[in-house]
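Undergrad: What follows is a single structure, and I will ask about it in a moment.
The values are calculated or read from the model by the stated rules, or taken from the named source; none is laboratory data. Computed from a predicted model, the values in this text were never measured in an experiment. Cβ sites come from the backbone with ideal geometry, for glycine too, and all protein chains shown count toward neighbours. Areas reflect the complete protein model, heavy atoms only, side chains present, ligands, DNA and RNA absent. Shrake-Rupley method; radii C 1.70, N 1.55, O 1.52, S 1.80 Å.
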Protein chains: 2
Amino acid sequence: MKKSVFYHAGCPVCVSAEQEILQLMDPASVEVIHLGEEKSKIANAESAGVKSVPALVTPTGNVLHINYGASMADVKQ
Amino acid sequence: MKKSVFYHAGCPVCVSAEQEILQLMDPASVEVIHLGEEKSKIANAESAGVKSVPALVTPTGNVLHINYGASMADVKQ
């Protein structure tokens, strides 16, 4: 099964959302990417349609923006 | 296990998010409430902290606002 990708940047809103998501979903079905630590993946996230973090990109390619931690512009700083 | 509650109002963003959420989570663990059809539950949603729909209230009481379909003010109209 294709995994979902949870993008975050370590912000408090991100961490809280990550804990919730990993409790609600099967953790094995979610790849977690910290864009602050893996800046090379920011372009991937943007081309998937991620506009802010935290966000979950589903296996079908939809982007679920969950609450609002930081914009992608903030993440790039 | 306590269920999560997915609040929506029938908007296109809501329907799309609902389909994604029910694929990612165990559908038996989610109660879906259409606030447009069950207006008596709007007060419950607001006291749980829901500010816009679609939103998922987790068993721990956190609110995950997922994308943005409509504000609670819109839902009340």
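Undergrad: Just for segment A:54-77: of the residues that are polar (S, T, N, Q) and part of a loop (DSSP other than H, G, I, E, B), which one is farthest from residue B:14 (Cα to Cα)? Explain how you work it out, then say what you get.
TA: We begin by selecting, within segment A:54-77, every residue polar (S, T, N, Q); these are A:58, A:60, A:62, A:67, A:71, A:77.
Okay, now just the ones that are also part of a loop (DSSP other than H, G, I, E, B), so A:58, A:60, A:62, A:77.
Details: A:58: 15, A:60: 16, A:62: 13, A:77: 32 Å.
Checked segment A:54-77; the qualifying residue farthest from residue B:14 (Cα to Cα) is A:77.
Undergrad: Please name all residue pairs, on different chains or six or more residues apart, with Cβ atoms under 6 Å, provided the first residue is in segment B:6-17 and is at positive phi and without any contact (Cβ under 8 Å) to a residue 40 or more places away in the chain and the second residue is of a type outside the set (Ser, Thr, Tyr) and outside any strand (DSSP E or B).
TA: That search, which allows pairs on different chains as well, returns B:10/B:36.
Undergrad: Just to check your reading of the model, which residue among A:16, A:40, A:47, A:29 is small (Gly, Ala, Ser) and open to solvent by less than 40 Å² (accessible area, probe 1.4 Å)? Walk me through it before giving the result.
TA: Numbers: A:16 fails: open to solvent by less than 40 Å² (accessible area, probe 1.4 Å); A:40 fails: open to solvent by less than 40 Å² (accessible area, probe 1.4 Å); A:47 fails: open to solvent by less than 40 Å² (accessible area, probe 1.4 Å).
Answer to the selection: A:29.
Undergrad: Let me ask something else about it. Check segment A:31-49 and report whether any residue there is within 12 Å of chain B (Cβ to nearest Cβ) and of a type in the set (A, V, I, L, M, F, W, C).
TA: First pass over segment A:31-49, keeping only residues within 12 Å of chain B (Cβ to nearest Cβ): A:49.
Restricting the remaining residues to those that are of a type in the set (A, V, I, L, M, F, W, C) gives none.
No: zero hits.
Undergrad: Residues that are open to solvent by 10 Å² or more (accessible area, probe 1.4 Å), hydroxyl-bearing (Ser, Thr, Tyr), at pLDDT 95 or above and more than 18 Å from residue B:65 (Cα to Cα): does segment A:51-70 have at least one?
TA: No - not one qualifying residue is present in segment A:51-70.
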